[in-house]
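K.L.:
Here it is, the structure in full.
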Amino acid sequence: MTSPVRTERHDDVLVVISDNPPVNALGAAVRQGLKEGVEAGLADDSVKAIVIRCDGRTFHAGADITEFGKPPQGPSLPETLDAMEASAKPIVAAIHGTALGGGLEVALACHYRVAVPSAKLGLPEVNLGLLPGAGGTQRLPRVVGVEKALDMIVFGRPIGAGEAEKIGLVDTLAGEDSLEADAIAFAREKAKADSHPATSRRTDRLPDAAHIGQIFDDFKAKNGRKMRGFDAPAACMRCVRAAAELPYVEGVKVEREEFMKLMQGDQSKAQRHLFFAERQAAKIDDVPKDTPLIPIRKVGIIGAGTMGGGIAMNFLSAGIPVTMLEMKQEALDRGTGVMGKNYEGNVKRGRMSEEKAKAAMDLLSTTLDYADLADCDLVIEAVFESMDVKKDVFGKLDAHVKDGAILASNTSYLNVDEIAQATKRPGYVVGMHFFSPANVMKLLEVVRGAETRPDVLATVMALSKKIGKVAVVAGVCHGFIGNRMLSPRQREANKLIMEGATPWQIDKVHQEFGMPMGPFQMSDLAGLDIGWHRDTNRIESLRDELCAMDRRGQKTGAGFYDYDENRRGTPSDTVEALIRKWAEKEGTPQREISDEEIRERTLYPMVNEGALILEEGMAQRASDIDVVWIYGYGWPRYRGGPMFWADLEGADTILAGLEKHQDKMPDLKISQLLKDKAAKGETFN
Ligand code: T1G
């Protein structure tokens, strides 16, 4: 098999070139080729300097993640890089695209780094539950100092070439179109010098011993919250501290130890699973990759409420013009006002430039007349969650919007096939379920109707990536994927408080598991009055009574919890007494309920629902369900999503847990797929 690495001679400079699409990942063959290329340069006296570069879209974008967990092959990256760094001849990294992870570590093992202005450099291993394992935690602090290295390694945040040059990570910028020539000239120049300092031998950028403690205490104080629950960030900090306190050869041993511990841990397996799961979700198994897409030049949005405005912002921020329609002018004015404020907030928080925000709002037009939507290529309705209202809207859209345009519903639950039947173009109807706030939440459930055309589906999936969403294809069922799995969790949580648990106990179990909030905190956030009949005299349940007392959630300052002016919730004795009253009314015997039962009764039914979703073909793959829960509900990334977590728990454990509580969950239909997985000891992913 031909090596993905070749060498080219430019007089006294040897250029070692990798060509390993799509991102020049540092797989075994690339490492072997790099090693041989550098050795050839060192063995040839007529070679005075070496340049390392890549063909294709980017410099090395990291180790080959597909190799992880398999028996190591070929030379390891650390040994390859140590040999490069020990070279008596200058080695220059010529960087374009994204020099990430092992890729930046290759560049750090070079004596010098040249980059085009558009290049990005980073050590994102922490996002995989890992840390830079080829000397990055030891070399980077020696080049840019400890504070900057902590920022780049603990949060995996890449920086641009310009900033990299400012902090000394890049020695000089090359022309966008003359990288190789500029790098060769730079290397030739450097070859005139007597020596070439190895990065690992530098100490001039490391802090005095007296300051090290303070630097790390300050960093931890400032960032501790963001690291909670994850193992990798703290391991990264320990490695960077080793770089500050120990000689290189000692520090690199600490790095190797910490790296191996993380690599074998469940958290990294979970986060590596998610890396591929997110990319897999974008693929539609039965739709060819080269399906022609429908050009989307103009989008219509029906409804200027919270959802409609948030949805519109996604397109406006991506430079796609939007026409927003409402029934009344004041609704339009209110909606566009909220959007303007949201953009102002983005600018204030430095998320967006003033110009970009203005350009986005300039792409917005509003109307009260369906006829103004005629030339839209896609129209998304975000109106009241009622089938009649949606059917009426789709009937109007069908009459006014040009043929071949896609009509999408933002419904959270309703039957997209039924909505499609209200039009003469069911093939062009699809669900686009955004999550609130729609301009912030990354998840988008794309609901495929029975008649949705392949090109319509492919277009919406590609468009989702363009507007910065993580899209997952869902089938037509009540609640699609995410909300459908939320239902059994909510149902069991509501029953558990009637049996003796408290809302705060249940929420605590979920927060300790890693969820951002538990079922009752989530109910208070969403509002307890969703779907409530609104008759304060009709009190037939705990929820009726809470709503009648105006305890409708955060928005009224009280729900299950009492809220202060900063919306910080505290458990309410009033609510606890109410719960006991209703439990007595229902005649439900009270008992002590363990945290373990709460986990089994709220998390296991979610997995079971996920298995039913797979069984019914309502999701393409188990990893899609994981992606939904990570991006739609804040499932902790270090647990990989409900189905990945179930794989670690074991399908047999999940099944046994459900069977143990079957008497308390008589309405729970146990998935046959779950039973099969349990019987065969198989995993979902
Ligand atoms: N290994 C293997 N495959 C990779 C890969 C990698 N490092 N990076 C990308 N791919 C695949 C990806 O699965 C997809 O495949 C295709 O390339 C295009 O990717 C020792 C231990 C570079 C910014 O974490 O951030 O180095 O779906 O869809 O949106 O210390 O890919 O087409 O079959 O993402 O343009 C550290 C991970 C590794 C960088 C490009 N490096 N990659 O984004 O394309 S660990 C990373 C990215 C490491 C060392 C440690 C992005 C990108 P398919 P894509 P993109």
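The values are calculated or read from the model by the stated rules, or taken from the named source; none is laboratory data. Only a predicted model underlies this, so the values are computations on that prediction, with no experimental measurement involved. Reconstructed Cβ throughout: ideal geometry from the backbone, glycine too, with neighbour counts over all protein chains shown. Heads up: the accessible areas ignore ligands, DNA and RNA and are worked out on the full protein's heavy atoms, side chains in. Shrake-Rupley method; radii C 1.70, N 1.55, O 1.52, S 1.80 Å.
K.L.:
Placing +1 at every Lys and Arg Cβ and -1 at every Asp and Glu Cβ, with all other atoms neutral, what dipole size does the chain have around its Cα centre, in debye to the nearest 20?
P.N.:
Value, rounded to 20: 560 debye.
K.L.:
Based on the alpha carbons, how large is the Rg to Rh ratio for the range 598-640 when Rh follows Kirkwood? Could the numbers behind the result be given before it?
P.N.:
On the way: Rg = 10.6 Å, Rh = 10.9 Å.
Dividing the radius of gyration by the Kirkwood radius yields 0.98.
K.L.:
For the range 317-364, what D do you get in µm² per second when you plug the Kirkwood radius from alpha-carbon pairs into Stokes-Einstein at 37 °C and 0.692 mPa s? Before the final figure, lay out each step's value.
P.N.:
Working: Rh = 11.3 Å.
Using the Kirkwood radius from Cα pairs, D works out to 290 µm²/s.
K.L.:
I'm a student and want to see the number: the projected area of the Cα convex hull of the range 299-476, averaged over all directions, in nm².
P.N.:
Seen from a random direction, the Cα hull of the range 299-476 projects 8.8 nm² on average.
K.L.:
Could you check the simple spin-label distance between Val440 and Val389, using points 7 Å along Cα→Cβ, in nm with one decimal?
P.N.:
2.3 nm
K.L.:
Quickly estimate the mean residue ellipticity at 222 nm for the chain, helices only: each DSSP H run with n ≥ 4 gives -39500 (n - 2.57), and the total goes over all residues, rounded to 500.
P.N.:
Estimated from H runs of four or more residues: -14500 deg cm²/dmol.
K.L.:
Ignoring any ligand, DNA or RNA, what whole percent of the accessible area of the range 5-264 comes from carbon and sulfur when the probe is 1.4 angstrom?
P.N.:
About 53 percent, which is the carbon plus sulfur part of the accessible surface.
K.L.:
Putting +1 on Lys and Arg Cβ atoms and -1 on Asp and Glu Cβ atoms, find which of Leu578, Leu246, Phe230 reaches farthest to the positive end of the dipole of the chain.
P.N.:
Farthest towards the positive pole: Leu246.
K.L.:
Over all directions, average the projected area of the Cα convex hull of the chain and note it in nm².
P.N.:
On the way: hull surface 135.4 nm².
Mean shadow area of the hull around the Cα atoms is 33.9 nm².
K.L.:
Rounded to two decimals, what is the ratio between the C-alpha radius of gyration of the range 171-227 and 2.2 N^0.38 Å? Please report the intermediate quantities before stating the final value.
P.N.:
Numbers: Rg = 19.1 Å, N = 57, 2.2 N^0.38 = 10.2 Å.
So the Cα radius of gyration is 1.87 times the expected 2.2 N^0.38 Å.
K.L.:
Ok, one more. Contour minus end-to-end for Thr2 and Asp535, with contour as 0.36 nm per residue of separation and end-to-end as the Cα-Cα distance? Numbers along the way, then the final one.
P.N.:
Details: separation 533, 0.36 × 533 = 191.88 nm, distance 7.53 nm.
Value of the extension gain: 184.3 nm.
K.L.:
Turning to a different aspect of this structure: Express as a percent, rounded to the nearest 5, the fraction of DSSP beta bridges in the range 299-476 (both residues included) that run antiparallel.
P.N.:
So the antiparallel bridges in the range 299-476 amount to around 15 percent.
K.L.:
On average, how much accessible surface per residue is there in the chain, in Å², for a 1.4 Å probe, leaving out ligands, DNA and RNA?
P.N.:
43 Å²
K.L.:
Continuing with the same structure: What do you reckon, how do His10, His400, His60 stack up by accessible area (1.4 Å probe), largest on top?
P.N.:
I get His400, His10, His60, largest accessible area first.
K.L.:
Positive end of the dipole of the chain, charges at C-beta (+1 Lys, Arg; -1 Asp, Glu), about the Cα centre: which of Val30, Val347, Ile296 has its Cα farthest in that direction?
P.N.:
Among Val30, Val347, Ile296, the one farthest towards the positive end of the dipole of the chain is Val347.
K.L.:
Per Stokes-Einstein, at 10 °C and 1.306 mPa s, what whole-number D in µm² s⁻¹ belongs to the range 139-275, with the Kirkwood radius over Cα pairs as the hydrodynamic radius?
P.N.:
Estimated diffusion coefficient is 93 µm²/s.
K.L.:
In the chain, what percentage of the DSSP-assigned beta bridges are antiparallel, given to the nearest 5?
P.N.:
Details: 18 of 61 bridges.
Taking every DSSP beta bridge with both residues in the chain, the antiparallel ones total about 30 percent.
K.L.:
For the chain, with the dipole built from +1 on Lys and Arg beta-carbon atoms and -1 on Asp and Glu ones, taken about the Cα centre, which of Asn483, Gly136, Val322 lies farthest toward the positive end?
P.N.:
Checking the options against the dipole of the chain, the answer is Gly136.
K.L.:
Kirkwood hydrodynamic radius for the range 5-264: how many Å is it when counted over pairs of different Cα atoms? Mind showing how you got there, number by number?
P.N.:
On the way: mean 1/r = 0.0549 Å⁻¹.
One decimal place: 18.2 Å for the Kirkwood radius.
K.L.:
Follow-up question, since we're still on this one. Residue separation times 0.36 nm, minus the C-alpha to C-alpha distance between Lys220 and Asp55: what's the value?
P.N.:
Additional length available on full extension: 55.4 nm.
K.L.:
Hey, another quick one. What percentage of the solvent-accessible surface of the range 299-476, computed with a 1.4 Å probe over protein heavy atoms, is contributed by carbon and sulfur atoms?
P.N.:
Carbon plus sulfur share of accessible area: 54 percent.
K.L.:
Starting from the Kirkwood radius over alpha-carbon pairs of the range 9-149, derive D by Stokes-Einstein at 4 °C in a medium of 1.567 mPa s and give it in µm² s⁻¹. Intermediate values should be presented prior to the final figure.
P.N.:
Numbers: Rh = 15.1 Å.
The diffusion coefficient I find is 86 µm²/s.
K.L.:
Helix 573-586 against the longest principal axis of the chain: what's the angle in degrees, Cα atoms only, rounded to the nearest 10?
P.N.:
Here the helix axis deviates by roughly 50 degrees.
K.L.:
At 1.4 Å probe size, put His211, His273, His510, His533 in order of accessible surface, largest to smallest.
P.N.:
His211, His533, His273, His510
K.L.:
How big is the shadow of the Cα convex hull of the range 402-499, averaged over all directions, in nm²?
P.N.:
Taking the Cα atoms of the range 402-499, their convex hull projects to 7.2 nm² on average.
K.L.:
Name the trypsin sites (Lys or Arg not before Pro) in the range 360-415 that are in a loop by DSSP and that have at most 11 other C-beta atoms within 10 Å, would you?
P.N.:
Those that pass, being in a loop and sparsely packed, are Lys402.
K.L.:
Name all residues of the range 542-559 having a backbone nitrogen under 11 Å from the label point set 7 Å from the Cα of Arg349 along its Cα→Cβ direction, giving them as ranges.
P.N.:
What the label zone holds, given the 11 Å backbone N cut-off, is no residue at all.
K.L.:
Another question about this same structure. Quick check: at a probe of 1.4 Å, how many percent of the accessible area of the range 517-580 sits on carbon and sulfur atoms?
P.N.:
Working: 1570 of 3300 Å².
C and S fraction of accessible area: 48 percent.
K.L.:
Using the basic label-point model (7 angstrom from Cα toward the beta carbon), what is the Lys585 to His661 distance in nanometres?
P.N.:
2.5 nm
K.L.:
Oh, and also: Using a 1.4 angstrom probe on the protein heavy atoms only, could you order Arg349, Arg591 from most to least accessible area?
P.N.:
Details: Arg349 150, Arg591 80 Å².
The ordering from most to least exposed comes out as Arg349, Arg591.
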